[in-house]
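Data first, discussion second: the structure below is written as structure tokens.
The values are calculated or read from the model by the stated rules, or taken from the named source; none is laboratory data. These numbers come from a predicted model, not from an experiment. With ideal geometry, Cβ positions are generated from the backbone for all residues, glycine too; neighbour counts draw on all protein chains shown.
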Amino acid sequence: MTWDDLINEEPELLDLYTKASILVDTGNLVVPVGYVCANKVFYNYFRDPLSRLVGPKARNPALRSPEASRIAYAKIYDALPDCRGCGCQP
């Protein structure tokens, strides 16, 4: 299974990827506290929508596998800006 397979089954995944990929860390304000945490952004804004599209609760039975979840979650997370100043990175 590939990312292309997933978006062919569920085009809404591409919308989430686009939203994640357009977030840009300008070095000053992505969030008003002066840091960026990809983990917080992912879990606050992308985890729940993804859980409806892939994994055990997916609308489409073809996307209910752990493999579909791993591929989609990694693709979306990797599109986010890197953590900066949040303490996640050493």
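Descriptive notes on the structure:
- Residues that are in a helix (DSSP H, G or I) and of a type outside the set (Asp, Glu), drawn from the range 72-90: Ala72, Tyr73, Ala74, Lys75, Ile76, Tyr77, Ala79
- Here is the figure for the range 2-45: residues that are among the polar types (S, T, N, Q), at pLDDT 95 or above and outside any loop (DSSP other than H, G, I, E, B) total 1.
- Identity of the residue in the range 50-76, under 9 Å from the mean Cα position of the chain (by Cα) and free of Cβ contacts under 8 Å to residues at least 40 places away in the same chain, that ends up farthest from Met1 (Cα to Cα): Leu50
- Among the residues of the range 50-71, those that are under 12 Å from Glu10 (Cα atoms), in a helix (DSSP H, G or I) and not aliphatic (A, V, I, L, M) comprise Arg52, Pro61.
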